[in-house]
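Let me begin by presenting the structure, written as structure tokens, before commenting on it.
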Amino acid sequence: MAKLTRRRTLSLAGAGMAALAGCSESSDDGGTDDGNDGSDGMEETIELDGDLPSYASILSERDRPTYFYGAIDVETMSTIIDDEGAEAGDEPADPLIGNPIVVALLCSFGLSQLANSRAAAAYSANDETSSGEGELVFADGVYTLVGEYDLDGLAIDLEDEGYRRETAEESYAVYTDVETGEAIGITDEVYAFSYPNPDDDEFDAVAAVERTVETASGNRSPKHATDDEFEALLRAGKSTGITLGLYTADDEFAADALADDQPEDDAEALEFEFGAFGGAFGVHQQLSVAGSDASTGAVVMHTDDDQVDVDRLESSLGTDADSLEVTRDGTTVSLEAEYGGDLA
């Protein structure tokens, strides 16, 4: 599980946002419709045939059965960072809010790494993304900025900064910093970067970045093209604001994928909290921020009826919400919640 301190990470994020061209100061209101207070989990129809999110084309295949992704649009990131109360208050205890906020922290940490790397100048000089647009995605250990880039200019500038070219194809290239182990992959729509993981000796940053840009450039099939259930998960909820997905190719998540290992001696740490999703094989969460208000949603998918526990989901999620609506459709459960006031 990710262990991130909200106050410390958001203080770094301002520098990270400076690496992005034309970031906006506010987000669109992408909230869900008002729900009813509470729910008895009655059977209704849940729409699972929505559009694929824009970041679906960069989610590459991987060997491990469990798959995690998180995404945030630049506008929402700017809103969270610019919030005057972002460094005050208690951390959210409600996983419907807390899990997406951890995605924001994870992405802001990635931005701060980019801003402090030797590649920052090369990135800024060749970023042609329109003001207020773009997304940052974290998947397979790789941060990926989706936008518009001058591929040839990036290649030249990275080499001028001393990065070593590992792979160069017509539509993508991969570079490394031999001193830090940083890996960078580029296309005309993607800037991907990663670093060695001291907690995972098997993680290969260069290979992970290459998978990402191969997939983004159409030279490798994305995961949703080879896994129907993963595609259904991607189509299951909204993809605006902050989104995250947790998926396993097995019938249900293994215990270690849902473990809550919050450190007792660090009251400021904030982690993903997936314990309520036991028995499921797929979870899609989404958070939209509009000023001091927020709307959240979660779609939880199970293999069999006897794995569905609506009472547990309803008692564990949306605990801080002003309104919560819970719907069950066979083996799928949807939760939608509305919040007023500060997120933390």
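Please give me the summed charge of the neighbours of LEU317: other residues whose Cβ is under 11 Å from its Cβ, Lys and Arg +1, Asp and Glu -1.
It works out to a net charge of -4.
How much of the accessible area of the range 276-316, probe 1.4 Å, is carbon plus sulfur, in whole percent?
41 percent
HN-Hα J couplings of the range 98-105 from phi, Karplus 6.51/-1.76/1.60, θ = phi - 60°, integer Hz, Gly and Pro as x?
Taking θ as phi minus 60°, the curve returns x, 4, x, 5, 5, 4, 4, 5 Hz for the range 98-105.
Given the range 269-337, report the % of alpha carbon pairs whose separation exceeds 17 Å.
Above the 17 Å cut-off, the range 269-337 has 41 percent of its Cα pairs.
Let me know the shape class of the range 126-207, please: from the alpha-carbon gyration tensor, a ≥ b ≥ c as square roots of the eigenvalues, rounded when a/c is under 1.5, otherwise prolate if a/b is greater than b/c, or oblate.
Here the range 126-207 falls in the oblate category.
Over all alpha-carbon pairs in the range 190-234, figure out the percentage whose distance exceeds 18 Å.
Percentage above 18 Å: 45.
Apply the Karplus parameterisation 6.51 cos²θ - 1.76 cosθ + 1.60, with θ equal to phi minus 60°, to every residue of the range 175-184 and state each ³J(HN,Hα) to the nearest whole Hz, in sequence, with x for glycine and proline.
10, 9, 9, 5, 7, 9, x, 4, 10, 10
The values are calculated or read from the model by the stated rules, or taken from the named source; none is laboratory data. All values derive from a computational prediction rather than experimental measurement. Every residue, glycine among them, receives a Cβ derived from its backbone with ideal geometry; neighbour counts consider all protein chains shown. All accessible areas refer to the heavy atoms of the entire protein, side chains included, with ligands and DNA or RNA removed. Shrake-Rupley method; radii C 1.70, N 1.55, O 1.52, S 1.80 Å.
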